[in-house]
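Structure, as structure tokens:
The values are calculated or read from the model by the stated rules, or taken from the named source; none is laboratory data. Being a predicted model, the structure only gives us computed values, none of them experimental. Cβ placement follows ideal geometry from the backbone for every residue including glycine, while neighbour counts extend to all protein chains displayed.
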Amino acid sequence: MVGMSEEVQITKQTGRLDKVAAQLFPDYSRSQLQRLIVAGDLLVNDQQVVAKYQVRTGDRLKLTPPPIQHLSLEPENIPLDIVYEDADLLVVNKPQGMVVHPAPGHPNHTLVNALLYHCPLSTINGTYRPGIVHRIDKDTSGLLMVAKNDLAHQALAKQLKAKKNLREYTALVHGRMPNDQGTIIAPLGRSRRDRKKQAVVADGRPAITHYRVIKRYQYFTLIKCVLETGRTHQIRVHLRYLGFPLAGDPLYGPTKTLKGHGQFLHAGKLGFEHPRTHQEMIFEAPLPEIFQKTLEKLDKNENFK
């Protein structure tokens, strides 16, 4: 039963822990169980292991789900920067510092709270993420497509899965990138050292980021990044992996960095096919003021750090 600890002794099932656990704990999906394994809430013989651990006869599995955290989702009259809107969808320019949807630690004042006050949203993503087809991090600014109904949501999500959308970001990174353009192909998954972080891991999900240099400074490089996949923290982790972490990134960047309100990363261009008219649509949003002013300072004085 969800909410209570469960313990099972393995008698005949063998194989990967997440697969075996999905058979033994049918109240949970495999992805939910994988998260519980990472969090240390699903143990084998009272020890934390990885999802690919090979379960053996005699192993003892203990599942202790975390406490249920109740969230309320209320419409809030928060100003929105709406770039486009029609009966099926809208495109919003999210400010830096705003969380996209409610979650533990961020129960309100999110983009979803603001959207619910403004208009009806699709119901596909459940109670706490209505209308949200894709997300960007709290301290990343820029464009998001939002579905008003389920037809639009299904069509836009299908495009994302088929990699037919255009998602272009402007990023400022530490260091002078030597190549004018390139592609980062490195699988991503949760860090084994810090569960709050993502990392390049051999058994992670495929992730591809394309980039091109716009301008080089003495200590920084301004680039454009295009996502082929959309993994959590993808651009931030990929650029760190390449050796050029995002300026201002509190999680993946160096301690000494540019002052701002988080990483200098802006989702500036978004393209998709309209779910009803099938028209190709492309939208752009200017850089936030702090990003623009930082670039102006770098233009005037390349020793500015």
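Scan segment 221-269 for residues that are assigned to a strand (DSSP E or B) and either modelled with pLDDT under 95 or in contact with a His (Cβ under 6 Å, 6 or more places away or on another chain) (or both) and jot them down. Across segment 221-269, the qualifying residue is only Val226. Restricting attention to segment 165-185, the residues being farther than 14 Å from Gly230 by Cβ, surrounded by fewer than 19 Cβ atoms within 10 Å (Cβ to Cβ) and hydrophobic (A, V, I, L, M, F, W, C) number 1.
Please indicate, with yes or no, whether at least one residue in segment 40-52 is assigned to a loop (DSSP other than H, G, I, E, B), modelled with pLDDT under 90 and touching a helix residue (DSSP H, G or I) at 6+ places or on another chain (Cβ under 6 Å). No - not one qualifying residue is present in segment 40-52. The single condition among (1) modelled with pLDDT under 95; (2) outside any loop (DSSP other than H, G, I, E, B); (3) in contact with a helix residue (DSSP H, G or I) (Cβ under 9 Å, 6 or more places away or on another chain) that Ala157 does not satisfy is (3).
Tallying residues that are in a loop (DSSP other than H, G, I, E, B) and more than 13 Å from Thr64 (Cβ to Cβ) within segment 19-39 yields 3. Criterion applied to Gly97, Gly58 was being assigned to a loop (DSSP other than H, G, I, E, B), loosely packed, with under 14 Cβ neighbours inside 10 Å and in the same structural domain as Val146 (by TED's automatic domain parsing), and the one residue passing it is Gly97. Which members of segment 194-212 meet the condition of being in a strand (DSSP E or B) and out of contact with any Ser or Thr (no Cβ under 6 Å at 6 or more places or on another chain)? Of everything in segment 194-212, those that are in a strand (DSSP E or B) and out of contact with any Ser or Thr (no Cβ under 6 Å at 6 or more places or on another chain) turn out to be Val200, Arg205, Thr209, Tyr211, Arg212. It is to be established whether one or more residues within segment 164-182 are over 29 Å from Pro254 (Cβ atoms) and touching a Gly at 6+ places or on another chain (Cβ under 6 Å). Yes, the conditions are met somewhere in segment 164-182. Taken over segment 201-227, residues that are surrounded by fewer than 17 Cβ atoms within 10 Å (Cβ to Cβ) and either under 18 Å from Asp249 (Cα atoms) or not assigned by TED's automatic domain parsing to the domain that holds Leu144 (or both) amount to 2. When you check Gly262 against the structure, is it out of contact with any Phe, Trp or Tyr (no Cβ under 7 Å at 6 or more places or on another chain), in contact (Cβ under 8 Å) with a residue 24 or more places away in the chain and of a type outside the set (Asp, Glu), yes or no? Yes: the conditions hold for Gly262. For segment 16-39, the tally of residues that are more than 26 Å from the chain's Cα centre (by Cα) and either of a type in the set (Ser, Thr, Tyr) or modelled with pLDDT of 90 or more (or both) stands at 1. Within segment 243-277, restricting attention to residues that are buried (at least 18 other Cβ atoms within 10 Å of the Cβ) and in contact with a Pro (Cβ under 7 Å, 6 or more places away or on another chain), which residue is nearest to Leu156 (Cα to Cα)? Going through the qualifying residues, I end up with His266.
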